[in-house]
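Report on one structure; see the data block that follows.
The values are calculated or read from the model by the stated rules, or taken from the named source; none is laboratory data. Everything numeric here is computed off the predicted structure, so don't read it as measured data. Backbone-built Cβ (ideal geometry, glycine too); neighbour counts: all protein chains shown. When the accessible area is computed, the model is the full protein with side chains, heavy atoms only, and any ligands, DNA or RNA have been set aside. Shrake-Rupley method; radii C 1.70, N 1.55, O 1.52, S 1.80 Å.
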Amino acid sequence: MPPLSFRFKLLLAMMLVVAGATGTALYVSQQSVRETYQNLFEQQSRAQIKYFTSLQEARLSFIKEKCLDLVNKSVRLRAALQAALEEGEAESVNLLYTRADDELRDVRRDAAFVFLDAKGRVLARSKPDGRPGDPADRPRFQQQLALIGREMSAHEQQQVGVLAGETPEGRWQLQEIVVTKVVDPLTHQTLGALLLAFPVPDLWSGGKRKTTRATGAPRPALPSGAIKFGIWLDGRFYSRDDTIPEPLQAGLAEKISGHLWQEQTDFLIWPDTDPHRVFVQALNPVSGLPAAHQVCLYSLAEARAVQQELQTRILIFGGLTLLGALAISLVLTHGLSVPLRELVTGTNEIQRGNFAFKVRVRGRDDIGRLAASFNDMAVGLALKEKYRTVLNLVADEKVAQQLIDNQAVLGGELREVSVLFCDIRGFTALTQTMPPELVIDMLNEHMTALTRVVKRHHGVLDKFVGDSLMAIFGAPVSHENDAINASTCALDLILEREQLNNTSRHQLQIGIGIATGTMVAGCMGSADRLNYTVLGERVNLAARLCSHANPGEAIIDQTTRERLGDAITVTPLPALILKGFSENVPAYELQQAGGTTLLRRPIKTPAAATVPRT
Amino acid sequence: MAATFTKVLLLAALACPCLAGAQAVIEGSVALLRPRVEPAGAARYSGSAPVIVASSEPMLAVVYLEGQFPAVTNPPRVVQMAQQNLRFLPGVLPVRKGTVVEFPNQDDFYHNVFSYSKAKRFDLGRYQKDEKPAAQLFDKPGVVRVNCEIHQQMRGTILVLETPHFTRTDTNGIFRLENLPAGKFVLKAWLDEGRVLERPVELRDGARLRIDFPGK
């Protein structure tokens, strides 16, 4: 993945934050709208069902009581029923109805009534009295009555329920019925039943009928048409306006049929695109009458519309917020990215060594402080670089590095080191007559060339003392073949000087001494001022061997000889008697590659040519 | 009262076509129905009717001989169905068509007698013990259920028959019909609840038949 710029990341973060906030708001609002509507619906449905039930109770309580009273106490009615049942003749049946007409005078009002025998068959009067709403004459109604009869003896003496019947105009009409069994008080045998049927006034808007509305139960204020209330009976929905769409009807049928929802239950039905929440409760859960349910239907379309609107608004606001957030982020990142770019440029410059580069400080905020610190840092770095350069000049690079790395502390270690001394033959005599500037020039030229050679051979330039140079091999770090390095360096030094003699104004001859041995290496001096050097008897030996060397000659000691092995050809010299050494010191002269001894050119300067071996 | 009784006897004597000569007799028994009294106060009947103690009188059967008999031309016989101790007594009363039945109230409170049966519909209203008992002529054959509108448990049945030869069984279902003419007839046993059992009989003078109507 390519690295993302800060600006891009910030924009991305802003988008995520705004999208998250919008999404959360959307979710919460939708949830709350749904819950609100659901609660509202549930409340209103409960109220509606309770209202209907209480209304029904109020409407029917008197009738129920009256029926019970009549059936249980009227000897005449029972006698007439018994006569009608026993004789089965039209006259007897008519007498029964006449009797009942009389007895039910104050109950009937708009009710129709019929008597059923113990099997639920209607005792039909021979001459219908032409009552228009008398449901007992209709076949459908009678079918349903037969259902009642089948289980008549198994249930309560009085049951309330609904039945559907066709009106003379062929419409379906819901009838509320009160079935009261007629039981012989002596034998407790069910003789038959009295059935009163009323059009359900709250559902049936027949117009002519005056509904007996109970007072006291205030009707809940329902938004008109929001909740459809009705009765579900035998696969049909009966309501005030009598119709619900076909898919809804089918959905209801699927959910309700076969169930008896004794408790109030609610569920969703989803016919096509118009979901409805349904609240349902059985009207007459424990009777033997056909199961009827009170149904409250509520279309979720309105709730969905509100949700939709809310969603649109939230999305618009979310979009606007996002735009705003993006604009702000752009401004912010612009304020950030320009100084950052400058800082990057500055860093690159410093990497290239341009410590003089300055970043523009634009303000006093974080970025401004960063730029100022950067500039301070650049100044600091420049200073350090300067110190380092100076340090490299005055000390060997490796030693300088160690000092910088804080590895060099006061104190030393025992190491095997090869020490090389190289001085100019006849220097004193040569320079006696020279002006000092010339001497410095000459020395600088000489030492610069020789220093390069020493460095090439991993030597550490310990110090310049007058015309001589001291280099060490094997400290502070060993290159394993330090003696060989020192020896080849010595041979190269001689060659280098010879080549320099060809081009330089000054003709100089050098002599070299090398000694190898264990010595103390380390920083020596005071805590304020250190010098990395080596100390030991071998250092003296090297110095002594150097002073013994003829011009163009390099003399090594026994240990160096041993370390060389076959790498470099050496010529044994007669053992030397050296100041400070009690015994004769064996010494060897290094031979240039090719097996011949060093070609010693005649030295133009007579003083340099006649340095005697002491 | 005594005069009335004499009149009844006289009428009975007149009604018999032929008192002289050897008459046939049928004896037998009828398997009576058990009174159908379900246990009262069953849990189901929440709004139930008041519990009423069933009449202790067993359900009797009426046995009668059906056939062609000369019509009654005499003044009607008068028999009584009393109202006593909140009961019709007798509970089942067979009478010949054209008989007048009186319903004397022998209790110390009001009673009423009415019937919705097709054979005779009447309502005698309410009356007391010392009032003149209401009477009713039964001129159509059939079963007449009589009730008292005041007292639910009072039930009576008057069986109006076309034949002069009838009797009630005793509480064991035993009956005896005497003074029967010779000829071919149908012997019927009427049980409550509208069940009628029948058996064709051929009677000769002086014959003694035994006929049992077994139960189901």
Using a Förster distance of 56 Å, how high is the FRET efficiency between residue B:171 and residue A:54, based on the Cβ-Cβ distance and rounded to 0.05? 0.50
Between residue B:205 and residue A:379, what is the label-to-label distance in nm when each label sits 7 Å out along the Cα-to-Cβ direction? 17.1 nm
Can you tell me the length gained on complete extension of the stretch residue A:32 to residue A:343, counting 0.36 nm per residue apart and subtracting the Cα distance? 106.8 nm
Taking 0.36 nm per residue of separation between residue A:582 and residue A:90 and subtracting their Cα-Cα distance, the length gained on full extension comes to 160.3 nm
Total formal charge among the other residues, if their Cβ is under 13 angstrom from that of residue A:302, Lys/Arg +1 and Asp/Glu -1: +2
Taking the full set of protein chains and a 1.4 angstrom probe, give the accessible area of residue A:309 in square angstrom, rounded to the nearest 10. 100 Å²
Heavy-atom accessible area ranking, 1.4 Å probe, most first, across A:545, A:438: A:438, A:545
Go through A:283, A:260 and list them by solvent-accessible area, largest first, probe radius 1.4 Å. A:260, A:283
With respect to the cross-link table entries A:73/B:97; A:50/A:181; A:455/A:579; A:384/A:455; A:64/B:140; A:73/A:119, which display a Cα-Cα separation exceeding 29 Å? A:73/B:97; A:455/A:579; A:64/B:140
Over the stretch A:409-597, what is the mean sequence separation of C-alpha contacts under 8 Å (at least six apart), divided by residue count, expressed as relative contact order in percent? 25 percent
note: the stretch A:409-597, Cα-Cα separations exceeding 21 Å make up a percent value of 49 percent
With the Cα gyration tensor of the stretch B:105-216 in hand, give its eigenvalues times 5 under a square root as the equivalent ellipsoid semi-axes, listed largest first in whole angstrom. 34, 15, 14
Under 8 Å for C-alpha pairs, at least 6 residues apart: give me the relative contact order for the stretch A:353-393, rounded to a whole percent. 40 percent
With N residues in the stretch A:353-393, Rg(alpha-carbon) / (2.2 N^0.38 Å) equals 1.40
For the full complex of protein chains and a 1.4 angstrom probe, list A:102, B:192 by accessible area with the highest value first. A:102, B:192
Given unit charges at Cβ for Lys, Arg (+) and Asp, Glu (-), the dipole magnitude of the stretch A:409-597 about its Cα centre in debye, nearest 20, is 140 debye
Inter-label distance for residue A:15 and residue A:260, nm, one decimal - labels placed 7 Å from Cα along Cα-to-Cβ: 6.2 nm
Stick to Cα atoms and the Kirkwood definition of Rh, then tell me Rg/Rh for the stretch A:223-299. 0.94
Per-pair calculated FRET efficiency, R0 = 56 Å: residue A:311 and residue A:386 via Cβ, rounded to 0.05: 0.25
Let's test the formula: R0 of 45 Å, r as the Cβ-Cβ distance of residue A:124 and residue B:34. What FRET efficiency results, to the nearest 0.05? 0.85
Residue span residue A:499 to residue A:526: 0.36 nm per residue of separation minus Cα-Cα distance leaves a gain in nm of 5.6 nm
What figure, in Å² to the nearest 10, do you get for the accessible area of residue A:15 with a 1.4 Å probe and non-protein molecules left out? 90 Å²
Total charge dipole magnitude, the stretch B:49-160, about the Cα centre, Cβ charges on Lys, Arg, Asp, Glu only, Debye to nearest 20: 360 debye
SASA check, residue A:532, accessible area w/ 1.4 Å probe, all protein chains in place, rounded to nearest 10 Å², comes out at 20 Å²
Counting other Cβ atoms within 10 Å of each Cβ, which GluC sites (Glu not before Pro) in the stretch A:422-492 have at most 15 and sit in a DSSP loop? A:480
